[in-house]
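> What follows is a structure written as structure tokens; I'll ask about it next.
Laboratory data are not the source of any read-out in this text; all were calculated from the coordinates shown. Keep in mind it's a predicted model, so treat the numbers as computed, not measured. For neighbour counting, all protein chains shown are included, and Cβ atoms are generated from backbone atoms with ideal geometry for every residue, glycine included.
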Amino acid sequence: MERTVTADTPASATPLAGEDSSLLDAMPRQREVSSAGEELGFSGPPGPGPAAVSVSASTPAVPAESRIVTALRRVHLWRLLPTPTGTPFTFAYALLLLITSLVAQYADPTLVSELHQASSTDVTHLVRDPFLVLIASAWWIVGGMVSPYALLFLLVLTALERRIGGVRAAAVFLSGHILATLATEGTVGIAVLAGHLPDTSLHRLDYGISFGVATSTGALAGLLRPWLGLPLIALFGWSLVSDLIAFTDPMTNWGHLISLTIGVATWPLIRRWQRVRVAGVEAARVEVGRV
């Protein structure tokens, strides 16, 4: 039978004859139920029953597997996708991209080609009507909703908006989309003037959301824990470098790397935005609690 030190038995009591004193000396002292009850906030006259039951004996250890399962249960998978109330910007933008993807898939090919041409951020359109094409070019996904960038858009923009808000997430996305487009197409224009590229490059078809997604990915990596953010940016960056080495579309590949760099450059700003947002949420909770 397990022995514990009770209130009536001093800790230095002599072991009973015939018992192994070395074993008793090696046993840790355990608290009795009455002491534990007082620490947990229970009080009252001692009642009948065994007073030698310890807290450690009555509370089994939680296996590591149970802790992992509990942690997984706390992860709400639905938060990985946009919702109308939680991430209104990403949700509305995803609906727009879904509509344009359906148009690109099922509409007349001639009409789709004309829409893509009208939305292209080539040098000619940027000189003629920069505001219209910079916005319209972000309405289309190259490859439609089955494109890898469509999945990245949903996951990355949702996570970013939940951390810094819809307006700021839109600012990050558009900054990468616009700046990377101007950098790449501006280079094309200079190369044409210098005679290194033909004049047809001024009408190079250019549209899609990949620049904005790359910028948002770089920005999000700065808000995640290092064990998740650093591998994310390393893997994504390596894929972009691999595309550039393949040299299939160097201007677009350079644009992706520029976009990722823009996202990384926003880390000080978006971290401050996140702190401001968290502080605002906490203040709102305090106000609701007072009411």
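> Could you check the spin-label model distance between Thr261 and Leu205? Points 7 Å from the Cα along Cα→Cβ, value in nm.
For the pair Thr261/Leu205, the computed spacing is 2.9 nm.
> Starting at the first residue of segment 85-94, write each ³J(HN,Hα) from the Karplus equation 6.51 cos²θ - 1.76 cosθ + 1.60 with θ = phi - 60°, in whole Hz, x for Gly and Pro.
After applying 6.51 cos²θ - 1.76 cosθ + 1.60, I find 8, x, 9, x, 5, 5, 5, 5, 5, 5 Hz.
> Now a separate question. What ranking do 105-111, 213-219 get when scored by the average of other Cβ atoms within 10 Å per residue, highest first? Mind showing how you got there, number by number?
On the way: 105-111: 9.6, 213-219: 29.6.
The peptides rank, most packed first, as 213-219, 105-111.
> I'd like the FRET efficiency for Leu232 and Leu193, computed as 1/(1 + (r/R0)^6) with the beta carbon distance as r and R0 of 41 Å, rounded to 0.05. Walk me through the numbers on the way to the answer.
Working: r = 39 Å, r/R0 = 0.94.
According to the calculation, E is roughly 0.60.
> Sticking with this structure for a sec: For a quick protection proxy, order the peptides 275-286, 145-156 by their average other-Cβ count within 10 Å, most packed first.
Working: 275-286: 10.9, 145-156: 18.0.
Answer by packing, highest mean first, reads 145-156, 275-286.
> Round to the nearest 0.05 the FRET efficiency obtained for Ala284 and Thr248 when R0 = 51 Å and r is the Cβ-Cβ distance.
Working: r = 49 Å, r/R0 = 0.97.
Efficiency for this residue pair is about 0.55.
> Related question: Can you list the residues, at least 5 places off or on another chain, whose amide H is less than 5 Å from the amide H of Ile209, using H built in the peptide plane?
Val142
> To continue, here is another question. Relative to the present Cα-Cα distance, how much length would full extension add between Asp129 and Ala107 at 0.36 nm per residue of separation? Display every interim value, and only then the final one.
Working: separation 22, 0.36 × 22 = 7.92 nm, distance 2.57 nm.
Result: 5.4 nm gained on full extension.
> Would you mind counting up the charge near Gly263? Only other residues with Cβ under 15 Å from its Cβ, with Lys and Arg at +1 and Asp and Glu at -1. Walk me through the numbers before you get to the answer.
Working: positive: Arg163, Arg168, Arg271; negative: Glu161.
With Lys, Arg at +1 and Asp, Glu at -1, the neighbours total +2.
> What net charge is computed for the residues neighbouring Leu126, neighbours being all others with C-beta under 10 Å from the C-beta of Leu126, Lys and Arg scored +1, Asp and Glu -1?
Value of the local net charge: -3.
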